[in-house]
1. Residues with beta-carbon under 12 Å from that of GLU580, excluding GLU580: net charge, scoring Lys, Arg +1 and Asp, Glu -1?
2. Per DSSP H run of at least 4 residues, take -39500 (n - 2.57); add these up for the chain, divide by its residues and hand me the 222 nm value, nearest 500 deg cm²/dmol.
3. Rolling a 1.4 angstrom probe over the protein chains, ignoring ligands and nucleic acids, what is the accessible area of GLU471 in square angstrom, nearest 10?
4. State the answer as a single residue: which of PHE304, ASN231, PHE161 lies farthest towards the positive end of the charge dipole of the chain, with beta carbon charges of +1 for Lys and Arg and -1 for Asp and Glu, about the Cα centre.
5. Using heavy-atom solvent-accessible surface (probe 1.4 Å) with all chains present, what is the largest-first order of THR79, THR204?
6. Rounded to the nearest 20 Debye, what is the dipole magnitude of the chain about its Cα centre when Lys and Arg each give +1 and Asp and Glu each give -1 at the C-beta?
7. Enter the accessible area of SER397 (Å², nearest 10), with the probe set to 1.4 Å and all protein chains included.
8. Can you tell me the order of 181-187, 52-58 when each peptide is scored by its average per-residue count of other Cβ atoms within 10 angstrom, highest first?
Amino acid sequence: MGLMPPDTTDGKTTSPADGWQTLKRFLPYLWPADDRGLRRRIVVAVLLIIAAKTTMLALPFFYKRAVDAMTMEGSKAVTVALAFVMAYALGRFSGVLFDNLRNIVFERVGQDATRALAEDVFARLHRLSLRFHLSRRTGEVTKVIERGTKSIDVMLYFLLFNVAPTSVELIAVAVIFYVNFGWGLVAATGLAVLAYAYATRAITEWRTALRARMNELDGQAMSRSVDSLLNYETVKYFGAEAREQARYAEATRAYANAAVKSENSLGLLNIAQALIVNLLMAGAMGYTVWGWAQGKLTVGDLVFVNTYLTQLFRPLDMLGMVYRTVRQGLIDMAEMFKLMDTQVEIEDAPGAPALVIRQPSLAFDNVTFGYEPDRTILHGLSFEVPAGSHVAIVGPSGAGKSTIARLIFRFYDPASGRILIDGQDISHVTQASLRAAIGIVPQDSVLFNDTIGYNIGYGRPSESGGASAAEIEEAARAAALMSLIDRLPQRFDTEVGERGLKLSGGEKQRVAIARTLVKNPPILLLDEATSALDTRTEQDILATLHRVAENRTSLSIAHRLSTIADSDRIFVLNEGKLAESGTHTELLRHDGLYAEMWARQQAESDELEQAAE
């Protein structure tokens with residue numbers, strides 16, 4: 001048959017109980033309570049299945065009667081034979097008609113079930129914590145979703161339109177054989193079916209390990225290709241094209257070798273299946289010929305048995321493919337359900353109210369946090385950002401500055417302590433209302449692979465009415481982006497490329513600023529928003545940020561001290577603790593860590609200027 005064997009993604013097999021649990025979990029998608037139209041389609045599809053099988057079971061009778069009529073003499077025999085031949089032809093056409101009408105009716109059911117499940121998985125992934133997404137490769141996650149959703153339609157087809165009808169047909173044929181030929185032919189057919197099923201299952205189970213390894217290497221190759229392409233610029237910076245090609249080639253060669261072993265092992269399965277099927281065919285037809293020689297059976301009986309066995313062999317011949325497809329589908333779906341079952345680390349408290357901001361103040365109250373239990377980043381950190389003030393947080397690398405931004409957005413919850421906005425503990429309000437109140441301009445402003453207008457308008461979701469073209473243009477003007485847009489032939493409809501690759505660093509930052517302006521939040525978070533820019537671009541962006549921060553509470557997380565020297569207050573972190581605080585002048589006068597960092601950066605700046613001269 002040359003088809004794929006059952007799949008596993010982690011080398012484990014699925015027991016019948018596990019497979020049934022997976023199937024039960026999917027059934028609500030197939031029989032939605034809120035859509036009676038889809039339910040009616042399922043009922044019609046089942047009726048068409050019954051009509052098709054009834055028609056196909058009648059065909060051998062027509063064929064037998066036509067052949068028996070041809071062995072008789074007289075003009076009446078021709079008429080009878082011709083009538084049964086026409087009935088046989090009409091029956092075959094009706095079977096095809098019913099099958100295709102069934103497919104047409106059921107297609108919407110399968111597609112809607114697949115769509116609903118894919119949407120639920122996608123929504124679940126966005127609910128999972130940042131910790132989950134940082135620990136899982138994007139390529140591997142998307143591969144799990146792709147396999148799970150693609151397997152549903154095929155698996156449903158085989159379960160509903162092959163396994164169930166074939167089971168009914170086997171029972172019906174057994175009854176017909178018993179009535180016409182006795183227990184002998186029924187027992188031989190049943191024994192052959194059992195032997196076929198056992199051989200298929202046994203050999204396929206043996207092949208599972210080969211498929212598991214093949215799947216693992218497929219994911220590894222996909223992961224390496226995605227990782228390399230996402231880091232396209234880095235590859236170019238280091239001239240590492242050959243290195244990346246070698247790493248990818250290593251993974252693809254390993255996958256190819258595993259695929260060859262898996263596919264070659266399929267030959268043994270095909271041989272075993274063909275042997276059992278043809279032994280049954282030879283025995284059954286030989287028995288019919290013997291009965292004809294004894295005068296007990298007619299020539300039509302030979303055709304009768306041959307037609308029934310041929311009809312049975314068609315679904316039986318697909319048994320191996322069906323078994324593998326259903327097994328693979330169940331395992332792929334189980335992997336996708338595992339994603340959905342991943343515990344949501346950050347959840348709204350039951351009945352949590354929305355955040356209500358009158359005075360947009362921000363405070364950390366004795367906050368302790370670490371990404372891992374044995375690695376604490378913040379140690380009892382406390383500080384306050386009064387409403388309407390412009391405060392900065394600085395410190396050496398690893399002091400915990402960027403961690404503060406993630407905690408404010410509640411990507412993580414602190415181990416102890418509280419984070420307050422306008423006196424409200426952010427863990428006690430809804431995440432949606434919290435994040436709606438905060439705007440951020442990050443160090444690396446990642447843009448969607450869409451237009452400039454789309455990326456700016458992304459700041460206001462469509463469920464909130466969306467941003468109008470005038471509002472998008474106003475935000476772009478406030479972010480000093482119009483000089484760029486006016487030079488572009490397609491203006492706001494210009495595509496920015498993957499991750500905004502077609503724009504410069506400064507242009508991407510301005511788009512991010514405009515996006516935040518469209519959001520219009522009362523609290524603004526600037527997470528090293530200019531550290532990746534050159535000095536001239538940095539000064540331009542800083543001027544824009546200063547305008548944006550007016551009439552807002554702003555918190556700047558910075559590495560370059562010159563960018564935050566005019567802040568109302570500066571907090572200096574060191575090893576996750578608040579080491580110093582004050583204005584720029586006060587901190588220099590204190591002659592502590594901040595003064596040391598300032599002196600070092602000024603010296604580095606002087607050296608660069610001298611080198612430039």
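1. Residues close to GLU580 contribute a combined charge of 0.
2. -22000 deg cm²/dmol
3. Result for GLU471: roughly 70 Å² accessible.
4. Positive-end residue among those listed: PHE304.
5. Sorted by accessible area, descending: THR79, THR204.
6. That gives the chain a dipole magnitude of about 3060 debye.
7. 110
8. 52-58, 181-187
The values are calculated or read from the model by the stated rules, or taken from the named source; none is laboratory data. It should be emphasised that the depicted structure is a prediction, and the values quoted were computed from it without experimental measurement. Here Cβ is always computed from backbone atoms with ideal geometry, including for glycine, and neighbour counts include all displayed protein chains. Calculation scope for accessible area: heavy atoms of the full protein, side chains included, ligands and nucleic acids excluded. Shrake-Rupley method; radii C 1.70, N 1.55, O 1.52, S 1.80 Å.
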